[in-house]
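Okay, structure first, notes after.
The values are calculated or read from the model by the stated rules, or taken from the named source; none is laboratory data. The structure displayed is predicted, hence computed values, not measured ones. Counting neighbours? That spans all protein chains shown, and the Cβs are built from the backbone with ideal geometry, glycine included.
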């Protein structure tokens with residue numbers, strides 16, 4: 001049984017990460033490791049901290065799967081799909097994922113639209129990622145174009161619904177990548193650390209970096225020793 005919490009950090013223009021439930025603590029890691037010797041700690045001490053450091057350093061990861069965190073995330077689809085890629089690609093990290101679907105809901109869609117000063121240039125020596133910000137005047141044109149594109153998509157989507165088209169087909173008119181989706185992610189402490197190590201890096205997409213920072217800020221107070229050892233990317 002976990003401990004219900006309700007701690008939320010806003011991300012981007014309309015997104016957020018909310019920590020909803022936590023099971024375990026750094027002590028859970030220690031005790032799951034020591035069960036082989038039929039030993040149990042009731043309070044975390046220096047010996048326990050040394051054990052966590054040893055487990056993390058030597059990649060003895062199973063004890064870190066006995067603690068879990070549950071998040072509610074509201075993110076643009078491009079962020080959600082990047083996040084999902086690192087979950088299905090992880091090995092023995094234990095995750096559950098449930099996401100809202102426009103097959104069933106027709107609530108007003110929300111879209112991520114970068115402000116005029118938030119558009120970035122293509123990198124000079126890579127096929128992925130981004131470079132320096134583009135000039136704000138060009139950014140303003142892009143912002144206006146994207147806004148117009150989204151509004152037209154919403155108009156066509158609503159028109160399709162009004163003439164009786166099913167929601168699962170009407171959604172084809174919505175610009176997908178910037179549309180916000182809501183999902184629950186329940187993950188072991190190891191899986192959370194894996195995600196953070198992958199997505200906190202400065203070479204990852206800026207938008208998902210912001211979500212990773214929010215996950216880290218919510219998770220770190222719950223598992224201060226374990227995440228300090230497991231997450232080696234500078235925040």
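Annotation note: of 223, 230, the sole residue that is surrounded by 20 or more Cβ atoms within 10 Å (Cβ to Cβ), over 16 Å from the mean Cα position of the chain (by Cα) and modelled with pLDDT under 95 is 230. Flag: residue 190 matches the condition of being in the same structural domain as residue 12 (by TED's automatic domain parsing), over 17 Å from residue 78 (Cβ atoms) and either touching a helix residue (DSSP H, G or I) at 6+ places or on another chain (Cβ under 7 Å) or not in a strand (DSSP E or B) (or both). Being exposed (fewer than 14 other Cβ atoms within 10 Å of the Cβ), part of a helix (DSSP H, G or I) and either free of Cβ contacts under 8 Å to residues at least 24 places away in the same chain or not assigned by TED's automatic domain parsing to the domain that holds residue 186 (or both) is the filter here, so list the residues in the stretch 44-73 that pass it. 46, 47, 50, 54, listed by residue number. Within the stretch 95-113, if we keep just the residues that are in contact with a helix residue (DSSP H, G or I) (Cβ under 7 Å, 6 or more places away or on another chain) and surrounded by 15 or more Cβ atoms within 10 Å (Cβ to Cβ), the residue that is modelled with the lowest pLDDT turns out to be 102. When the test is whether a residue is assigned by TED's automatic domain parsing to the domain that holds residue 95, touching a helix residue (DSSP H, G or I) at 6+ places or on another chain (Cβ under 7 Å) and surrounded by fewer than 17 Cβ atoms within 10 Å (Cβ to Cβ), residue 40 passes it. The listed residues are 29, 17, and the only one of them that is in contact with a helix residue (DSSP H, G or I) (Cβ under 8 Å, 6 or more places away or on another chain), surrounded by 15 or more Cβ atoms within 10 Å (Cβ to Cβ) and in a strand (DSSP E or B) turns out to be 17. Here is the figure for the stretch 167-201: residues that are buried (at least 16 other Cβ atoms within 10 Å of the Cβ) and free of Cβ contacts under 8 Å to residues at least 12 places away in the same chain total 0. Filtered by the rule that a residue be closer than 24 Å to residue 14 by Cα and touching a strand residue (DSSP E or B) at 6+ places or on another chain (Cβ under 8 Å), the stretch 188-207 gives 192, 195, 206, 207. The conditions of being more than 30 Å from residue 112 (Cβ to Cβ) and loosely packed, with under 15 Cβ neighbours inside 10 Å are met by residue 35. Hey, any hits in the stretch 30-50 for a residue that's in contact with a strand residue (DSSP E or B) (Cβ under 8 Å, 6 or more places away or on another chain) and at pLDDT 90 or above? No, the stretch 30-50 contains no residue that is in contact with a strand residue (DSSP E or B) (Cβ under 8 Å, 6 or more places away or on another chain) and at pLDDT 90 or above. When each of 139, 124, 129 is tested for being loosely packed, with under 12 Cβ neighbours inside 10 Å and farther than 18 Å from residue 100 by Cβ, the lone residue that passes is 124. Of all residue pairs spaced 6 or more apart or on separate chains, those with beta-carbon atoms under 9 Å, a first member in the stretch 84-108 that is within 20 Å of residue 63 (Cβ to Cβ) and a second member that is surrounded by 14 or more Cβ atoms within 10 Å (Cβ to Cβ) and at pLDDT below 80 are 93/87; 95/87. Return the total of residues in the stretch 193-235 being over 26 Å from residue 119 (Cα atoms) and part of a helix (DSSP H, G or I). The total comes to 11.
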